[in-house]
Amino acid sequence: MTTTTAPLAAPRARSGTPALVGGGVTGLLALLVLAAGIALLAINATKRDRDGFYGSGTTTLTTSTAGFATESLDLDSDAPSWLVRDGRLATIRVSATGLGDKPVFVGIGPQVQVDAYLRDVGHEEVTDFEVEPWSVETTRHAGAAKADPPATLSFWAESAQGGGVRTIRWPVEDGDWKVVVLNADGSAGLRAEVAVGAKVPAVRTFGIALLALGAGLALGGGALLVHGVRTRRA
């Protein structure tokens, strides 16, 4: 009787596909992170003024009402410690220059109190704005033509009034806030040049951190690709 012995199965070759796929995905992620880091460093180098603020440029705002107020700014300074300097996440700067013969008032205050102040006063509410180019969209609220002189009120966190350029700088605090630009006497008919800016303490640091992370991901992705190619060849 003849006995037939089945041939032994050849060892299955290891596939390098998982390593190749992982390396490709990691490499793509590295490119995205590196691009974000480069963008932040470019912004830090080109968009920041000598005082360290990233500004919008200046636009002219005109209204026949008492002035302008932003929508509620819901600000939260709860951020990683490396993004905060002196306990603040950012500092907001608002400048206004009256173009008529009336001095202007610019201020920031708690939303509830600003709303109560302007409740029965005609004004423009800024509902949206673009930085480049600097433009705003507003909604008009009907009401009395004249407001009480804003400087007589005590709830402003920061305020300035007078002729020429009036500027406030306000370190961000938690809460709901509103920024206003009005005639200093509260009268109707405002025409002013307005600019906004913000100082964020860790843009450069964050950009460098993203570059370092992107470089690490690129090295890891490259190592996976090399491993995958060698495994396939083996």
**Prompt:** So which residues in the stretch 97-134 are outside any loop (DSSP other than H, G, I, E, B) and either of a type in the set (S, T, N, Q) or modelled with pLDDT under 90 (or both), if there are any at all?
**Reply:** Thr97, Gly98, Gln111, Gln113, Val126, Thr127, Asp128, Phe129, Glu130
**Request:** Inspect all residues belonging to the stretch 53-68 and state whether any of them is over 14 Å from the mean Cα position of the chain (by Cα), surrounded by fewer than 14 Cβ atoms within 10 Å (Cβ to Cβ), of a type in the set (Gly, Ala, Ser) and modelled with pLDDT of 70 or more.
**Result:** yes
**Item:** The lone exception for Gly197 - which of (1) modelled with pLDDT of 70 or more; (2) within 22 Å of the chain's Cα centre (by Cα); (3) farther than 30 Å from Gly164 by Cα it fails
**Value:** (3)
**Ala90 being under 17 Å from Thr62 (Cβ atoms), of a type outside the set (Ser, Thr, Tyr) and under 18 Å from the mean Cα position of the chain (by Cα)** = no
**Request:** Answer yes or no as to whether Arg85 is under 24 Å from Thr59 (Cα atoms) and either touching a strand residue (DSSP E or B) at 6+ places or on another chain (Cβ under 7 Å) or at pLDDT below 90 (or both).
**Result:** no
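The values are calculated or read from the model by the stated rules, or taken from the named source; none is laboratory data. Owing to the predicted nature of the structure, the values given are computational and were not obtained by experimental measurement. Because the Cβ atoms are built from the backbone with ideal geometry, glycine has one as well, and the counts that use them run over all protein chains shown.
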